[in-house]
Amino acid sequence: MERLLWARLSVFRSDATVDDVEQVCLGGPFTGSVLESALAGLRRKSLVTLYGDRLRMLDTVREYGHMWLRELGEARATADRHARHFHDLVVAAEDAWWGPGQAAAYERLAACFGDLRAALEHLLAAAMTGGSASSGRAAAGAVCADAAVPYGPTKETPEEELSSATGFRGWRGWIRRR
């Protein structure tokens, strides 16, 4: 069980909270108590450390775990759950942004920036390759690209788009026109 959890944890790119781990890694053989036990075992073996309220993993340990995740055939499903969780986190932060929770929302997003980037990359890859993430959120990557770059497509070919400042959104616009 610990090896499977370690492999699933490799999808995180930032230090993760225990809540993040539960949202992404629960399912299949993992129930709450099994996950807690496996996480304690990983901490005993120093594969994961607790730093404040966040779990931390060395990059080399993460890379090796990700190799296991691919070997187990769970890489895409885990990345889909990861992307869904962080998409939901961004939506919640957006709801809190214009109220008294803005500072907390900013701190939360800043703390998991690596995971937000990984989730966006996963969703964009699914949207641009025509694949559909099993999370059903592949279109969210395109929406995030719209928000990231407020300019529409200006070039006629993908090569011209890549060289322009309109990057992601331009690519998406070119694909939709075809």
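Checking the structure you have, find out if any residue of segment 68-76 is modelled with pLDDT under 85, loosely packed, with under 15 Cβ neighbours inside 10 Å and at positive phi.
No - not one qualifying residue is present in segment 68-76.
Could you grab me the full set of residues in segment 84-115 that are of a type in the set (G, A, S) and more than 18 Å from R56 (Cβ to Cβ)?
Matches in segment 84-115: A92, A93, A96, G99, G101, A103, A104, A105.
When the residues of segment 127-143 are narrowed to those that are surrounded by 16 or more Cβ atoms within 10 Å (Cβ to Cβ) and more than 13 Å from the chain's Cα centre (by Cα), which ends up modelled with the lowest pLDDT?
As a first pass, look at segment 127-143 and keep what is surrounded by 16 or more Cβ atoms within 10 Å (Cβ to Cβ): 127-128, 133, 135, 137-138, 140-142.
If we keep only those that are more than 13 Å from the chain's Cα centre (by Cα) as well, we get 127-128, 142.
On the way: A127: 79, M128: 77, A142: 50.
The qualifying residue modelled with the lowest pLDDT is A142.
If you check every pair at least six apart or on different chains, which have Cβ atoms under 7 Å apart with a residue in segment 87-102 that is touching a residue at least 40 places away in the same chain (Cβ under 8 Å) and surrounded by 14 or more Cβ atoms within 10 Å (Cβ to Cβ) first and a residue that is assigned to a loop (DSSP other than H, G, I, E, B) and charged (D, E, K, R) second?
H87/R137
Which condition number does K45 fail, the rest of (1) over 19 Å from A79 (Cα atoms); (2) at pLDDT 90 or above; (3) open to solvent by less than 70 Å² (accessible area, probe 1.4 Å) being met?
Checking K45 against (1) over 19 Å from A79 (Cα atoms); (2) at pLDDT 90 or above; (3) open to solvent by less than 70 Å² (accessible area, probe 1.4 Å), the one that fails is (3).
Only one residue in L4, L35, L42 is in contact (Cβ under 8 Å) with a residue 24 or more places away in the chain, in contact with a Pro (Cβ under 8 Å, 6 or more places away or on another chain) and part of a helix (DSSP H, G or I), so which one is that?
L4
From the set of residues in segment 20-32 that are more than 17 Å from D80 (Cα to Cα) and either free of Cβ contacts under 8 Å to residues at least 12 places away in the same chain or in contact with a Cys (Cβ under 6 Å, 6 or more places away or on another chain) (or both), which is least open to solvent (accessible area, probe 1.4 Å)?
Ranking the candidates gives G32 first.
Mind counting the residues in segment 15-32 that are at pLDDT 90 or above and either among the polar types (S, T, N, Q) or not in a helix (DSSP H, G or I) (or both)?
Within segment 15-32, residues that are at pLDDT 90 or above and either among the polar types (S, T, N, Q) or not in a helix (DSSP H, G or I) (or both) number 4.
The values are calculated or read from the model by the stated rules, or taken from the named source; none is laboratory data. Only a predicted model underlies this, so the values are computations on that prediction, with no experimental measurement involved. All Cβ positions, glycine included, derive from the backbone under ideal geometry; neighbour counts span all protein chains shown. Heads up: the accessible areas ignore ligands, DNA and RNA and are worked out on the full protein's heavy atoms, side chains in. Shrake-Rupley method; radii C 1.70, N 1.55, O 1.52, S 1.80 Å.
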